[in-house]
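Participant: Below is the structure I would like to discuss, written out as structure tokens.
The values are calculated or read from the model by the stated rules, or taken from the named source; none is laboratory data. Everything quoted here is computed from the prediction, not taken from an experiment. Cβ placement follows ideal geometry from the backbone for every residue including glycine, while neighbour counts extend to all protein chains displayed. Each accessible area value is taken on the protein alone, full model and side chains, heavy atoms only, with ligands, DNA and RNA left out. Shrake-Rupley method; radii C 1.70, N 1.55, O 1.52, S 1.80 Å.
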Amino acid sequence: MTFSRRSFMKTAAATGALTALGRPALAQGIRWDMADEYGEQALSGKASKYFLEQLNAKIGDALTITYQGGGALGYNSVDHFDAVQDGAVQAAVTLVTQLGGIDPFFNLSSLPFIASTPEEAMMLWQAAREEYAKIFEENGMVLLWAMPNPPSGINAPEPITSPEALEGLRIRTYDVNGTNTMMNAGAAPLQVAWSDLIPQLSTGGIDAVLTSADGAMQLSLWDYVSDFTELNYAMGLFMCHVNKDEFDALPEDVQTAIMEIIPACDEYNWSIMVDSIQTAYDTMEENGMTITLDDDVPAEVFEFLQEAGTSVREDWVAQTGERGQAVLARFEELKSQAG
């Protein structure tokens, strides 16, 4: 008998849930764990810290959530959906572009060149939030807040200032959208989990990395590549989601407190994302990396990548049907209202 990775994780998650049921309740209140593939210094970790601080200020120790960053519980983002759904872990902060195999709608935030500014990324989140929440609810979870990645660019041995610079480039991507876009652009992409990225770079498995400047700073990519090219390619979303049975079992005032702080979390998360961009650029330059800003990237590069991403965007609309069309229409409406 053979098992897929997802079926294996569901079995492991179910086992973990049964084990957790046997643990005695602690007198000081309810205890949860929150899984995060990334670490506490990453933006997802900072967003989690803010959420937990705000929650503690409202409810004290009625609910204690322990942040488990850096994949401490053994889960990557791709595993979180099943782990939280089955109760192996009560909450997670998940890079949802890893969940496209569960529902293609999750690939929305990493569609190339759909949202090119932080303001547009917020509008896209607002346009799609209801649909994201519905997917989680249908699978036994509650969606809380989102944390946007800073705009993705390319970390490579040279700046990406011509289409030829992409030809054959062995580049790490983080989801199917990036993989297909880079393949269409003539590169040789490889989808690599965050935890496996440095081993791939250090052994020569890849030469370049599609990620944000903040991601480059977190992993000290200047030890492996010399250049970062700002492309504003996409701003993939992390989302905090919790097991619905666990959430429903909380006292009503605790449930209310959680939902009341969500708007403040979104506002904070977008703020630190924007602030992180220049901070990362400064740190990268201090460590010898060259930053090529988008204004210095020839228009032909953007036109080339836009064309490479056309079929990716069209495929997403085809896969998501009326759901995708409706969200993109709402997104365009919000942009129009913003002027």
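Participant: Checking Glu167 against (1) surrounded by 20 or more Cβ atoms within 10 Å (Cβ to Cβ); (2) without any contact (Cβ under 8 Å) to a residue 60 or more places away in the chain; (3) over 30 Å from Asp82 (Cβ atoms), only one condition comes out false. Which one?
Facilitator: (1)
Participant: Tell me which of these Leu293 doesn't satisfy, since it passes every other one: (1) within 19 Å of the chain's Cα centre (by Cα); (2) open to solvent by 70 Å² or more (accessible area, probe 1.4 Å).
Facilitator: Every listed condition holds for Leu293 apart from (1).
Participant: Looking only at region 248-293, count every residue that is over 30 Å from Gly29 (Cβ atoms) and of a type in the set (Asp, Glu) and tell me the total.
Facilitator: Summing the residues that are over 30 Å from Gly29 (Cβ atoms) and of a type in the set (Asp, Glu) in region 248-293 gives 4.
Participant: Please determine whether any residue of region 184-195 is touching a Lys or Arg at 6+ places or on another chain (Cβ under 9 Å), more than 15 Å from Ile154 (Cα to Cα) and among the hydrophobic types (A, V, I, L, M, F, W, C).
Facilitator: no
Participant: Can you tell me which residue is farthest from Leu143 (Cα to Cα) among those in region 249-294 that are touching a Lys or Arg at 6+ places or on another chain (Cβ under 8 Å) and assigned to a helix (DSSP H, G or I)?
Facilitator: Ile272
Participant: Continuing with this model, one more query. Scan region 299-309 and tell me whether some residue there is within 30 Å of Glu53 (Cα to Cα) and among the small types (Gly, Ala, Ser). Give the steps one after another, and end with the answer.
Facilitator: Within region 299-309, the first condition is being within 30 Å of Glu53 (Cα to Cα), and the residues that meet it are none.
Checked region 299-309: no residue is within 30 Å of Glu53 (Cα to Cα) and among the small types (Gly, Ala, Ser).
Participant: Also: Which one of the conditions (1) at pLDDT 95 or above; (2) outside any helix (DSSP H, G or I); (3) of a type in the set (Gly, Ala, Ser) does Ala25 fail to meet, given that it meets all the rest?
Facilitator: (1)
To keep it simple, each residue is scored yes or no on (1) under 19 Å from the mean Cα position of the chain (by Cα); (2) small (Gly, Ala, Ser); (3) outside any strand (DSSP E or B).
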| position | (1), (2), (3) |
| --- | --- |
| Gly215 | yes, yes, yes |
| Trp222 | no, no, yes |
| Val225 | no, no, yes |
| Leu231 | yes, no, yes |
| Val242 | yes, no, no |
| Glu246 | no, no, yes |
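Participant: Every residue in region 296-305 that is surrounded by 12 or more Cβ atoms within 10 Å (Cβ to Cβ) and either more than 22 Å from the chain's Cα centre (by Cα) or under 14 Å from Ala127 (Cα atoms) (or both), please.
Facilitator: We begin by selecting, within region 296-305, every residue surrounded by 12 or more Cβ atoms within 10 Å (Cβ to Cβ); these are 297-298, 301-302, 304-305.
Val297, Pro298, Val301, Phe302, Phe304, listed by residue number.
Participant: Of all residues in region 170-186, count the ones that are open to solvent by less than 20 Å² (accessible area, probe 1.4 Å) and either free of Cβ contacts under 8 Å to residues at least 24 places away in the same chain or in a helix (DSSP H, G or I) (or both).
Facilitator: Qualifying residue count, region 170-186: 4.
Participant: Can you go through Ser152, Ser109 and tell me which one is closer than 19 Å to Glu314 by Cα and among the hydroxyl-bearing types (Ser, Thr, Tyr)? Reasoning before the result, please.
Facilitator: Values: Ser152 fails: closer than 19 Å to Glu314 by Cα.
Result: Ser109 is the single residue among Ser152, Ser109 that is closer than 19 Å to Glu314 by Cα and among the hydroxyl-bearing types (Ser, Thr, Tyr).
Participant: Taking Gln191 as the residue in question, decide whether it is under 24 Å from Ala213 (Cβ atoms) and under 19 Å from the mean Cα position of the chain (by Cα). Before you say what the answer is, go through the steps one by one.
Facilitator: Numbers: under 24 Å from Ala213 (Cβ atoms): yes; under 19 Å from the mean Cα position of the chain (by Cα): yes.
Spelling it out, Gln191 is indeed under 24 Å from Ala213 (Cβ atoms) and under 19 Å from the mean Cα position of the chain (by Cα).
Participant: Let me ask something else. Which ones in region 155-164 are surrounded by fewer than 17 Cβ atoms within 10 Å (Cβ to Cβ) and either under 15 Å from the mean Cα position of the chain (by Cα) or in a helix (DSSP H, G or I) (or both)?
Facilitator: Glu164
Participant: Here is a follow-up. If you scan region 66-89, which residues turn out to be surrounded by fewer than 19 Cβ atoms within 10 Å (Cβ to Cβ) and more than 18 Å from the chain's Cα centre (by Cα)?
Facilitator: Thr66
Participant: Does region 303-325 contain any residue that is within 30 Å of Pro104 (Cβ to Cβ) and outside any helix (DSSP H, G or I)?
Facilitator: Keep residues of region 303-325 that are within 30 Å of Pro104 (Cβ to Cβ), which gives 303-325.
Filter again for outside any helix (DSSP H, G or I), leaving none.
No, the conditions are met nowhere in region 303-325.
This table checks each residue for (1) under 25 Å from Cys265 (Cα atoms); (2) out of contact with any helix residue (DSSP H, G or I) (no Cβ under 6 Å at 6 or more places or on another chain); (3) of a type in the set (A, V, I, L, M, F, W, C).
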| position | (1), (2), (3) |
| --- | --- |
| Glu137 | yes, yes, no |
| Val142 | yes, no, yes |
| Asn149 | yes, yes, no |
| Gly205 | no, yes, no |
| Asp214 | yes, no, no |
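Participant: In the set Ala308, Ala257, Ala318, Ala264, which member is loosely packed, with under 13 Cβ neighbours inside 10 Å and aliphatic (A, V, I, L, M)? Give the derivation first.
Facilitator: Values: Ala308 fails: loosely packed, with under 13 Cβ neighbours inside 10 Å; Ala257 fails: loosely packed, with under 13 Cβ neighbours inside 10 Å; Ala264 fails: loosely packed, with under 13 Cβ neighbours inside 10 Å.
Answer to the selection: Ala318.
Participant: Taking only region 144-180 into account, find how many residues are more than 30 Å from Glu130 (Cα to Cα) and of a type in the set (Val, Ile, Thr).
Facilitator: Matching residues across region 144-180 total 4.
Participant: Which of the residues spanning region 93-148 are open to solvent by 30 Å² or more (accessible area, probe 1.4 Å), part of a loop (DSSP other than H, G, I, E, B) and under 19 Å from Tyr233 (Cβ atoms)?
Facilitator: Scanning region 93-148 gives Phe113, Ile114, Ser116, Thr117.
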